[in-house]
1. Can you tell me which residue within region 56-71, out of those that are surrounded by fewer than 14 Cβ atoms within 10 Å (Cβ to Cβ) and either acidic (Asp, Glu) or part of a helix (DSSP H, G or I) (or both), is modelled with the highest pLDDT?
2. Filter region 156-180 for residues that are over 18 Å from the mean Cα position of the chain (by Cα), small (Gly, Ala, Ser) and either on the phi < 0 side of the Ramachandran plot or crowded, with 18+ Cβ neighbours inside 10 Å (or both) and give the result.
3. When region 128-155 is examined, which residues are found to be loosely packed, with under 11 Cβ neighbours inside 10 Å and either under 22 Å from LEU48 (Cβ atoms) or basic (Lys, Arg) (or both)?
4. Residue pairs, Cβ under 8 Å, 6 or more apart or interchain, first in region 70-95 and under 16 Å from ARG26 (Cα atoms), second part of a helix (DSSP H, G or I) and of a type in the set (Val, Ile, Thr). List them.
Amino acid sequence: MNPPPAPPADDSAAPPSEAWPREGLRLALYQPDIPQNCGTILRLAACLGVAADIIEPCGFVLSDARLRRAGMDYLGQAEMRRHSSWEAFRRVQRSSGRRLILLTTKGDTAYPDFAFRPDDVLMVGRESAGVPPEVAEAADARLVIPLKAGLRSLNVAVAASMVLGEALRQTGSFPPRSPC
């Protein structure tokens, strides 16, 4: 049985300040273009109790079978909000007062050296191209994962999980351990 298709982007008429609760880290995906990575990140967010934001357009249909296969039955547990554009996302993010933290190969701070806050928004870019300069410039911080010389980057889902794990550790925000 297939889950229902994803709802349309929600740039609701609610005042932006009411759009996000004040507490909790958020994980934003800027125009994801590989459904399997998006599904993996949504599964990560669901399992760790972190809200996810999808900034459209995506490079695939959000109800894609590859997204569902990677997210498995966890997609229904993910707290996800779709934004029709970067501008729509930015409007909500700015009005919330939360910092926007970009994970990028062009970052100027190594993620283990960064002091995360419990209400930060961590953003990953497109697998194929990262984010455009205006998005990078809008970030309050640009973080990099230190890699062995000569290697460019990690898979976006792996990078998101590493940095989200560190942010949750620093802020004491991991969900309570539950019995299997």
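The values are calculated or read from the model by the stated rules, or taken from the named source; none is laboratory data. Note that the structure is a prediction, hence the values are computed from the model and not measured. When we count neighbours, we look across all protein chains shown, and the Cβ atoms used for this are built from the backbone with ideal geometry, even at glycine.
1. Going through the qualifying residues, I end up with ALA65.
2. Scanning region 156-180 gives a single hit, SER178.
3. Within region 128-155, LYS148, ARG152 meet the criteria.
4. That search, which allows pairs on different chains as well, returns HIS83/VAL92; TRP86/VAL135.
Table: residues versus (1) of a type in the set (Lys, Arg); (2) closer than 24 Å to SER128 by Cα.
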| residue | (1), (2) |
| --- | --- |
| ALA45 | no, yes |
| ILE55 | no, yes |
| LEU75 | no, yes |
| ALA78 | no, no |
| ARG82 | yes, yes |
| SER96 | no, no |
